[in-house]
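Taking it in order: structure first as structure tokens, then the write-up.
The values are calculated or read from the model by the stated rules, or taken from the named source; none is laboratory data. Keep in mind it's a predicted model, so treat the numbers as computed, not measured. Counting neighbours? That spans all protein chains shown, and the Cβs are built from the backbone with ideal geometry, glycine included.
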Amino acid sequence: MAQMILRPFAKRLSIFILAGALLAAFWPAAAAEPPTTHTIFITGMEVKGATTADKLAPPAINPKELSKGYDFKAPGEADRAKPTRWEVSSYMFTPAFVTVRQGDTVKLTAFIVNGDEHEVWVTAPGGEKVVPNTKWNRGREYQIQFVAKKSGVYQLVCSEHAPSMTTTFVVLPR
């Protein structure tokens, strides 16, 4: 009777041991992969929404007071010919989240759709800038790159429209 109870347990245990051995055998090979270069295409854009006050009342709190990345044009301000029309907008980078591994090179190609000017930079996990301040303008493509030397969070930030206009790079340990 005891053997009947122990056989399934022993079988499961042997499967776990085999899986662990395979994982241990192949894990160092994955960890030893050399750093690579990632080319990431980013778009900087303004997302807009509009309606009229007869359909929906404007927000009670001006979105500009909530974040620098939001904008609001009140009824009469958005379109003088349509005095009940109001608009909200937000600036963003897309994608907003990227994952790479420590030691990898990140090459960003950014196309800016909206906004006259964006002052951007990239910070490392300690807060130091790995890409210095640079200005990006609408209708143009820009290229920057950095090496993700530390694991942790790097961020591409637009000073005028943060926190909504950021891309977060999570750098996993190698």
(message) Go through segment 93-112 and report how many residues are surrounded by fewer than 17 Cβ atoms within 10 Å (Cβ to Cβ) and outside any strand (DSSP E or B).
(response) 3
(request) Look through segment 37-92, keep the residues that are outside any strand (DSSP E or B) and in contact (Cβ under 8 Å) with a residue 40 or more places away in the chain, and return whichever of them is nearest to Leu156 (Cα to Cα). (result) Gly69
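Scan the strands (runs of 3 or more DSSP E) fully inside segment 115-172 and keep the ones with 2 or more residues being farther than 20 Å from Thr105 by Cβ. Give the steps one after another, and end with the answer.
Numbers: elements: 118-123, 129-136, 141-147, 152-158, 166-172.
By residue number, 118-123, 129-136.
Pick out the one residue from Pro35, Pro59 that is in contact with a Gly (Cβ under 8 Å, 6 or more places away or on another chain) and at pLDDT 50 or above.
Numbers: Pro59 fails: in contact with a Gly (Cβ under 8 Å, 6 or more places away or on another chain).
Exactly one residue qualifies, and that residue is Pro35.
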(request) Go over the candidates Lys135, Lys150 one by one and state the one that is of a type in the set (Lys, Arg), within 13 Å of Val170 (Cα to Cα) and over 16 Å from the mean Cα position of the chain (by Cα). (result) Lys150
(request) Select from segment 29-70 the residues that are more than 27 Å from the chain's Cα centre (by Cα) and closer than 30 Å to Leu172 by Cβ and list them in ascending order. (result) Ala29
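Yes or no: Thr94 touching a Gly at 6+ places or on another chain (Cβ under 9 Å), of a type outside the set (A, V, I, L, M, F, W, C) and modelled with pLDDT of 90 or more? Please lay out each step first, then the result.
Working: touching a Gly at 6+ places or on another chain (Cβ under 9 Å): yes; of a type outside the set (A, V, I, L, M, F, W, C): yes; modelled with pLDDT of 90 or more: yes.
Considered against the rule, which asks whether it is touching a Gly at 6+ places or on another chain (Cβ under 9 Å), of a type outside the set (A, V, I, L, M, F, W, C) and modelled with pLDDT of 90 or more, Thr94 comes out as yes.
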(request) Go through segment 57-87 residue by residue and tally those that are basic (Lys, Arg) and surrounded by 15 or more Cβ atoms within 10 Å (Cβ to Cβ). (result) 3
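Looking only at residues that are of a type in the set (Gly, Ala, Ser) and within 25 Å of the chain's Cα centre (by Cα) in segment 71-123, which one is farthest from Val47 (Cα to Cα)? Can you show your working first?
So the first thing to find is which residues in segment 71-123 are of a type in the set (Gly, Ala, Ser), and the list is 74, 76, 78, 81, 89-90, 96, 103, 110, 115.
Restricting the remaining residues to those that are within 25 Å of the chain's Cα centre (by Cα) gives 89-90, 96, 103, 110, 115.
Details: Ser89: 5, Ser90: 5, Ala96: 14, Gly103: 34, Ala110: 17, Gly115: 11 Å.
The qualifying residue farthest from Val47 (Cα to Cα) is Gly103.
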